[in-house]
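A.B. asks: So that we are looking at the same thing, I have put the structure below in structure tokens.
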Amino acid sequence: MDATEYRIRGKELVDYIADYLEDIRERRVFPDKKPGFLRDLIPDSAPIEGETWPRIFADIENVIMPGVTHWQSPHMHAYFPALTSYPSMLGEMLSNAINCVGFTWASSPAATELEMIVMNWLGKMIGLPENFLHRKNGSGGGVIQTTASEATLISLLAGRWQAIKKYKELYPDAENGEINSKLVAYCSDQAHSSVEKAALIGLVHIRYIECDENLSMRGPELLQTIKKDRELGFIPFWVCATLGTTGACSFDNLDEIGDVCVEEFLWLHVDAAYAGSAFICPEYRVWLKGVEKVDSISFNPSKWLMVHFDCTAMWVKNSLALHEAFNVDPVYLQHEYSGLAIDYMHWQIPLSKRFRAIKLWFVIRNYGITGLQKHIREGVRLAQKFEALVQSDARFEIPAKRHLGLVVFRLVGDNIITETLWKKINSRGNIHCVPAIIKGKYIIRFTVTSPRTTNEDIVKDWQEIKTVATEVLNEWTP
Ligand code: PLP
């Protein structure tokens, strides 16, 4: 394909994408396919000769779309949102064209500097204290990571490095491996599985603190477990507090946990993967109380802020801790300003880094803070509407308080009835949800995801759920 054809095909694809997104409501949100379906549709070896674009283009609808789960659909209620927007798509297009690999400042100065500036914008937008921002002679700052899981792992590894260093100051003869084997990380019993994965990778112990009746990890329970571990000869070193858990969007008590971490000298990380976007609205920042006691915090603009996956915003107060944990400095990566400018390769696990700041910059500029706040508040309003509909039907219950855009609900009765309801809903493909288990109760999660969702969509989805519920209850009622 040459530039002349690219200009034509590119415009065709832009039209196709706009049509896809504008008409997405009409598509079945969850595909009716079985594993391996694509093997029957695509040859098992690559073509010897290049194919024409029209043949390739036709396969988007013939081959790919029938097997897509349409995450941008207003009837997508599974997981948490993974939204796009037109300015974000334009940002991706441009960064793909530039395709620089911003591991050091010199490898593409604009990529590093835009990331620093936009991370400062975003940090201010969610009300982070100044010492999390890039400042002259400051040690704090923001970085865009690939995923929240990676941000959690990075935080754990930085905390681990600091803990080992501190321990060796007291016991210089201790081996790193020996210290590592005594380290303990803490999170709530509602924390995302990525926290467990980080502990697995870091080869550290992990303790799950039982949440209170509001599904919130509290300071006293955490402190008690830490003290018990110290008595047993373990070395507590790192805590992950979740703001907006995956199961029910509950919030750990950051203020209390922060006090414990300060007193006990533990690294405190905040995983706000979904809920963090809502902190651009001042009314939701109550959950951030105590953030000044935190060492690192991350959230995904790629979830609710209409910036494409991948984009996880992460801030640290002490970037030197990342440098120490990840610092390798081969000669071929050094440049005239090494040590003077930020080299993001020291802030992350991979060396290479996409120019992700462009899409974030485009989205923030094009919507403005007000436009993004409006988007968040509309998502919450629609979730409240759905919540009211569920509450109006005595066959259902909402076993955990709704927060933000996530409603969890179930049919009153045994877990198996709700599980059957969930399976039937998904198999019909008109709406898509995922389940969770909260304090032993099987629930269905209903997240408002798309900016295209309207009141009518919510009513239609509720109608679908009610219809299927009637069928299920008829089957289960003797
Ligand atoms: N943390 C929480 C609270 C989540 O809800 C999720 C995913 O939804 C994650 C972490 C993992 O996010 P990622 O896919 O960006 O690693």
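A.B. asks: I'd like the full set of residues that are within 17 Å of Arg354 (Cβ to Cβ) and not in a loop (DSSP other than H, G, I, E, B), limited to the range 125-148.
C.D. replies: Matches in the range 125-148: Gly142, Val143, Ile144, Gln145, Ala148.
A.B. asks: Moving on to the next point. Give me a count of the residues in the range 32-55 that are free of Cβ contacts under 8 Å to residues at least 60 places away in the same chain and under 30 Å from Lys303 (Cα atoms).
C.D. replies: 6
A.B. asks: Report, ordered by the first and then the second residue, all pairs with beta carbons closer than 6 Å, sequence separation of six or more or different chains, a first member in the range 304-315 that is modelled with pLDDT under 95 and in a loop (DSSP other than H, G, I, E, B), and a second member that is away from the ligand (no atom under 11 Å from the Cβ) and among the polar types (S, T, N, Q).
C.D. replies: His308/Thr84; His308/Ser88
A.B. asks: Which residue pairs have Cβ atoms under 7 Å apart, sit 6 or more places apart or on different chains, and have a first residue in the range 190-207 that is within 21 Å of Arg230 (Cβ to Cβ) and without any contact (Cβ under 8 Å) to a residue 40 or more places away in the chain and a second that is within 15 Å of the ligand (Cβ to nearest atom) and acidic (Asp, Glu)?
C.D. replies: Short answer, once both residue conditions are applied: Ile206/Glu196.
A.B. asks: Among the residues of the range 316-334 satisfying the criterion of being assigned to a loop (DSSP other than H, G, I, E, B) and within 21 Å of Asp259 (Cβ to Cβ), which is nearest to the ligand (Cβ to nearest atom)?
C.D. replies: The extreme case among them is Lys317.
A.B. asks: Okay, moving on. Give the residues of the range 432-459 that are in a helix (DSSP H, G or I) and in contact (Cβ under 8 Å) with a residue 12 or more places away in the chain, sorted by residue number.
C.D. replies: Matches in the range 432-459: Asn455, Asp457, Ile458, Val459.
A.B. asks: Give me the pairs, please: first residue somewhere in the range 419-431 and closer than 20 Å to His70 by Cβ, second residue anywhere and of a type in the set (Ser, Thr, Tyr) and buried (at least 22 other Cβ atoms within 10 Å of the Cβ), beta-carbon distance under 9 Å, and either six or more positions apart or on two chains.
C.D. replies: Pairs that qualify, where the first residue is closer than 20 Å to His70 by Cβ and the partner is of a type in the set (Ser, Thr, Tyr) and buried (at least 22 other Cβ atoms within 10 Å of the Cβ), are Ile431/Ser73.
A.B. asks: Follow-up. Residues in the range 257-290 that are within 16 Å of the ligand (Cβ to nearest atom) and under 21 Å from the mean Cα position of the chain (by Cα): how many?
C.D. replies: 15
A.B. asks: Against the conditions (1) among the basic types (Lys, Arg); (2) farther than 22 Å from Leu83 by Cα; (3) within 16 Å of the ligand (Cβ to nearest atom), where does Lys303 fall short? Just the number, please.
C.D. replies: Against the list (1) among the basic types (Lys, Arg); (2) farther than 22 Å from Leu83 by Cα; (3) within 16 Å of the ligand (Cβ to nearest atom), Lys303 comes up short only on (2).
A.B. asks: Just to be sure, is Ala275 in the same structural domain as Gly140 (by TED's automatic domain parsing), touching a strand residue (DSSP E or B) at 6+ places or on another chain (Cβ under 7 Å) and of a type in the set (Gly, Ala, Ser)?
C.D. replies: Considered against the rule, which asks whether it is in the same structural domain as Gly140 (by TED's automatic domain parsing), touching a strand residue (DSSP E or B) at 6+ places or on another chain (Cβ under 7 Å) and of a type in the set (Gly, Ala, Ser), Ala275 comes out as yes.
A.B. asks: Which one is farthest from the ligand (Cβ to nearest atom), of the residues in the range 236-247 that are part of a loop (DSSP other than H, G, I, E, B) and either among the polar types (S, T, N, Q) or surrounded by fewer than 24 Cβ atoms within 10 Å (Cβ to Cβ) (or both)?
C.D. replies: Gly247
A.B. asks: Can you tell me how many residues within the range 42-69 are surrounded by 10 or more Cβ atoms within 10 Å (Cβ to Cβ) and over 27 Å from Glu5 (Cα atoms)?
C.D. replies: Here the count works out to 4.
A.B. asks: Follow-up. Name the single residue, out of those in the range 105-163 being of a type in the set (Gly, Ala, Ser) and touching a helix residue (DSSP H, G or I) at 6+ places or on another chain (Cβ under 6 Å), that is farthest from the ligand (Cβ to nearest atom).
C.D. replies: Taking the candidates together, the pick is Ser139.
A.B. asks: Here's something else I'd like to know. Which one of Asp229, Asp271 is surrounded by 24 or more Cβ atoms within 10 Å (Cβ to Cβ) and acidic (Asp, Glu)?
C.D. replies: Sole residue among the options that is surrounded by 24 or more Cβ atoms within 10 Å (Cβ to Cβ) and acidic (Asp, Glu): Asp271.
A.B. asks: Working only within the range 317-333, note down all residues that are surrounded by fewer than 18 Cβ atoms within 10 Å (Cβ to Cβ) and in contact (Cβ under 8 Å) with a residue 60 or more places away in the chain.
C.D. replies: Across the range 317-333, the qualifying residues are Leu320, Glu324, Phe326, Leu333.
The values are calculated or read from the model by the stated rules, or taken from the named source; none is laboratory data. All values reported here derive from a predicted model rather than from experimental measurement. Here the Cβ is made from the backbone with ideal geometry for all residues, glycine too, and neighbour counts use every protein chain on show.
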